[in-house]
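Reading through the structure tokens given below for one structure.
Laboratory data are not the source of any read-out in this text; all were calculated from the coordinates shown. None of the values given here were measured: they were computed from a predicted structure. We place every Cβ from the backbone using ideal geometry, glycine too, and count neighbours over all the protein chains shown.
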Amino acid sequence: MAKTRIHPIYVIVGKEQGLAKKQYRDLLGKLLPADQHATGLWVTDAKAAINEVLDELRTLPFLTDRRVVVVQEADEFITRHRPLLETYFDAPCSSGVLILVATSFPSNTRLAKKLKLVGELISVTPPKPWQLPAHITQYVKQTFDTNLGKDAAQLLVDLTGDDVTRLYSEAEKLVVFVDSKKQITVQDVEALVGHNRVFGVFEVIDAMVAGHTGAALQRLRNMFSEDKNAQYTVVGAFAFHFRKMFNAKAMLSQGKSIPEVTKTLRIWGKTDQFYAQIRKISLEQISQIIQQLGSIDYQIKTGQTRAPVAIEQLLLRA
């Protein structure tokens, strides 16, 4: 089998930090064995001086296959040292490999045109929302040799949202949580990720559907003050709970029994309180709230609003 061609320069581009770092780790695994990292790898960031980077690249490898130099968060570094980088791209060192990890690398620049002649541009594209469960399952298997079940992956995405970097972080916590086990189950996700997040939202919704708006707002504010990640996860947690409410109410309207619904939808914890909630709200109301949450999610991602403000407004309108 022919060996993979090694380029002297790689530029990894992606706005999702977690995905870019994964791509960098994958690439590094092809360039340099782990036991050579101590002497063959030098990692820095945008604050590095250009002469340091070039000196490291030109340092002859010692007991390693090659010298690999990585500049992470390199956008500012590229902008500041563009002329010298252009010169280096014209004649890169034969014994060193430069990896630049950036959020953007415009194709109309001279540097980008020179890269096509000597190196490789690796663009990192985030998976679509419906691809996330399969993506995070693959990530956990490849990175940690641990299996993430299909239902567990879907629940993790439901509770965490579609921020890939945050999904990676939660997945890594789960791997530590299950310790030597090679399988992450729904129960593991519920125990580590779901408990505080879902039950915090549960209490807010409980006050909301009971018409106690003041209590709902206070509980929501407590969530934000106690959990620094709530602003990133609260919309997903609300949507997760309201979807479960919608499905439960629909199944009950079709004649399904409460035990059957509870088992099918995996309703855990305060089941009596959950069914009391759905008795106080119609399918149409739940559907409208789910649609509003979809709109809120879009507005947050496009910078039109912030999660604490948007969810408070949702409670006030309910």
Dipole magnitude of the chain about its Cα centre, charges +1 at Lys/Arg Cβ and -1 at Asp/Glu Cβ only, in debye to the nearest 20? 620 debye
Partners for residue 249 among aspartates and glutamates (Cα-Cα distance below 15 Å; same-chain residues under 8 apart left out): 260, 272, 284
Based on the alpha-carbon gyration tensor of the chain, what equivalent-ellipsoid semi-axes (square roots of 5 times the eigenvalues) come out, in whole Å, largest first? 48, 22, 16
Expected 222 nm ellipticity per residue - DSSP helices of 4 or more, -39500 (n - 2.57), all of the chain, to 500: -19000 deg cm²/dmol
Would you mind checking 141/181; 15/128; 21/141; 47/113; 228/270; 22/128 for any pair whose Cα atoms are more than 19 angstrom apart? 47/113; 228/270
Using the C-alpha gyration tensor of segment 23-135, what are the square roots of 5 times its eigenvalues, in whole angstrom, with the largest one first? 24, 20, 13
What trypsin sites (Lys or Arg not before Pro) in segment 43-131 are in a loop by DSSP, with at most 14 other Cβ atoms within 10 Å of the Cβ? 47
When Lys and Arg each count +1 and Asp and Glu each count -1, what net charge do the other residues less than 11 Å away from residue 252, Cβ to Cβ, add up to? +2
In whole Å, how far is the Cα centre of segment 158-185 from that of segment 74-106? 34 Å
Rounded to the nearest 0.05, FRET efficiency between residue 84 and residue 309 (Cβ-Cβ, R0 35 Å) equals 0.20
Hey, got the Cα dimensions of segment 97-190 along the principal axes, in Å, largest first? 53, 27, 16
Counting only complete DSSP H runs, which helices of the chain cover 24 Å or more along their long axis at the Cα atoms and score a mean Kyte-Doolittle of -1.0 or above? 230-253, 283-301
Ascending count of other beta-carbon atoms within 10 Å, so fewest first, for 275, 168: 275, 168
Give a quick list of trypsin sites (Lys or Arg not before Pro) in segment 253-318 that DSSP marks as loop, anything other than H, G, I, E or B, with at most 16 other Cβ atoms within 10 Å. 256, 266, 270, 280, 306
Using a ≥ b ≥ c from the Cα gyration tensor of segment 1-69 (square roots of the eigenvalues), is it rounded, prolate or oblate, where a/c under 1.5 gives rounded and otherwise the larger of a/b and b/c decides, a/b for prolate? oblate
Sort segment 185-317 into rounded, prolate or oblate with this rule: let a ≥ b ≥ c be the square roots of the eigenvalues of the Cα gyration tensor; rounded if a/c is under 1.5, and if a/c is not under 1.5, prolate when a/b is larger than b/c, oblate otherwise. prolate
